[in-house]
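Below is one structure, written out as structure tokens; the observations come after it.
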Amino acid sequence: FPEAPFFNLSHTRGWSLIAVTKVAEVGVDVERARSSVDVTAVTGRVFGRAAADALHQLPEAERMPSFLRSWTRFEACQKAKGQGIFGAPVGTDALQISTLRIAQDTVASVAVVSERPVRHRYFAENRQ
């Protein structure tokens, strides 16, 4: 290859996600809902009190899906910019972000460092 491909991967119970591109750095995350997670508390620690308050105002049935969308987007962006989840939060400028609900209780996000729209394809198979 003239240039090595960029790739990133993530997994959760029953699901794996990998993104490969020759265009730019990429980050991915896939998460499955867990009833044991206090999403309001995690949101407060990671995104701040205002975000936690906004999440808490949602009907209970919408909290977990909203949290999963926010969390997977956050982690995918952090990984695409080389920070990881414990690094300083990165902005979303120059990032193309896609979020997919791949199952009733599972959300995935892909972030590519690019100012132009990025075309992607995905294939889902759950082997449980």
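The values are calculated or read from the model by the stated rules, or taken from the named source; none is laboratory data. All values reported here derive from a predicted model rather than from experimental measurement. We place every Cβ from the backbone using ideal geometry, glycine too, and count neighbours over all the protein chains shown. For the accessible areas, the whole protein counts, side chains as well, though only heavy atoms, and no ligand, DNA or RNA atoms are used. Shrake-Rupley method; radii C 1.70, N 1.55, O 1.52, S 1.80 Å.
Can you give me the relative contact order of segment 1-75 as a percent, contacts being Cα pairs under 8 Å and 6 or more apart?
Working: 91 pairs, mean separation 17.9, N = 75.
It comes to 24 percent, rounded to a whole number.
Leaving ligands, DNA and RNA out of it, report the carbon-plus-sulfur percent of the accessible area of the chain at a 1.4 Å probe.
Working: 4450 of 8460 Å².
In the chain, the share of accessible area belonging to carbon and sulfur is 53 percent.
Using only helices, what value at 222 nm comes out for the chain when you add -39,500 (n - 2.57) per DSSP H run of length 4 or more and divide by the total residues, to the nearest 500 deg cm²/dmol?
-9500 deg cm²/dmol
Cβ neighbours within 10 Å, averaged per peptide: list 18-28, 67-77, 36-46 in order, most packed at the top. Before the final figure, lay out each step's value.
Details: 18-28: 18.0, 67-77: 22.3, 36-46: 14.2.
Output ranking for 18-28, 67-77, 36-46: 67-77, 18-28, 36-46.
Can you check what the net charge comes to around Val113, using other residues whose Cβ is under 14 Å from the Cβ of Val113 (Lys, Arg +1; Asp, Glu -1)?
Numbers: positive: Lys22, Lys79, Lys81, Arg116; negative: Glu25, Asp93, Glu115.
Every neighbour counted, the sum reads +1.
By how many degrees, between 0 and 90 and to the nearest 10, does the Cα long axis of helix 60-80 differ from the longest principal axis of the chain?
The two axes meet at around 30 degrees.
Which whole-number value in Å² is the accessible area per residue of the chain, probe 1.4 Å? Walk me through the numbers on the way to the answer.
Working: 8460 Å² over 128 residues.
That works out to 66 Å² per residue.
In percent, how large is the relative contact order of segment 47-128, given Cα pairs closer than 8 Å and 6 or more residues apart?
Contact order relative to length: 25 percent.
Express the C-alpha Rg of segment 16-93 as a ratio against the empirical globular expectation 2.2 N^0.38 Å, rounded to two decimals. Mind showing how you got there, number by number?
Details: Rg = 13.6 Å, N = 78, 2.2 N^0.38 = 11.5 Å.
Output field value: 1.18.
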